[in-house]
Amino acid sequence: MIRAMSRLRLLFGAMIALGCAVPAAAGDALCEACLDPASRERPEQPLRIEIESGLQFSRLALAGQEDGAAEIDPRTGAKRVLNMIDLGGMSYQARATVRGQPLRPVRVELPARVLLRSPGGAEAELTNFVTDLPQVAMLDENGLLTFNFGARISSKSACGGDFRGRIEIHVDYF
């Protein structure tokens, strides 16, 4: 599940509730809130996020009876295996694009852990999410920000499978 949040959406309902009252005695007069220049500014664009490619670890096998792990680097897409055997195939980092108000700083939050399941009931876990974002991520002049992210997959109970899961990404204006 991917979720993008915008403060505008959270505040929009409250702004509607405040409204703008016109005094009954003076039909042409406007309330102070309507005269405030800040209330006439263009509202923020809501943030949207689109996943360009998912996180792909490809084919891995356990090297023994113990659990293993593999990591994908967000910058290079390189895979590193720990107590596992890389059986080849395409592995790559995930890529996402955020759209919103041009030249606005944003905060991107990835989860601490994601549980993955296979159709056969086996489980694995994604942890240690990392991105290639700078300390302060900012939308460009077109309102776009594209970034890559990687993570660590760990087997659980030394069971294999074709694992799937949803990574919830939170994006908010700074």
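Other residues whose C-beta falls under 12 angstrom from the C-beta of residue 164 contribute a net charge of 0, scoring Lys and Arg +1 and Asp and Glu -1. In a shell of Cβ-Cβ distance under 14 Å around residue 92, excluding residue 92 itself, what net charge do Lys and Arg (+1) and Asp and Glu (-1) give? Every neighbour counted, the sum reads 0. For the range 109-117, the Karplus equation 6.51 cos²θ - 1.76 cosθ + 1.60, evaluated at θ = phi - 60°, returns couplings of 10, 9, x, 6, 7, 9, 8, 10, 10 Hz by residue, with Gly and Pro reported as x. Computed from label points 7 Å out along Cα-Cβ, the spacing between residue 83 and residue 166 is 3.1 nm. Between residue 104 and 139, the built amide H atoms are under 5 Å apart, and every one of these is 5 or more places off in sequence or on another chain. Taking label positions 7 Å along the Cα-Cβ direction at both residue 117 and residue 104, the computed distance is 3.6 nm, reported to one decimal. Sorting 89-96, 141-148, 54-61 by their mean Cβ neighbour count within 10 Å, with the most densely packed peptide first, gives 89-96, 54-61, 141-148. Net length available on complete extension from residue 174 to residue 65 is 34.6 nm, with 0.36 nm assigned per residue and the Cα-Cα distance removed.
Each reported figure results from applying straightforward, stated rules to the coordinates on display, with no laboratory input. On a predicted model such as this, the values are computed, not experimentally measured, just so you know. Glycine also receives a Cβ, built like all others from the backbone with ideal geometry; neighbour counts cover every protein chain displayed.
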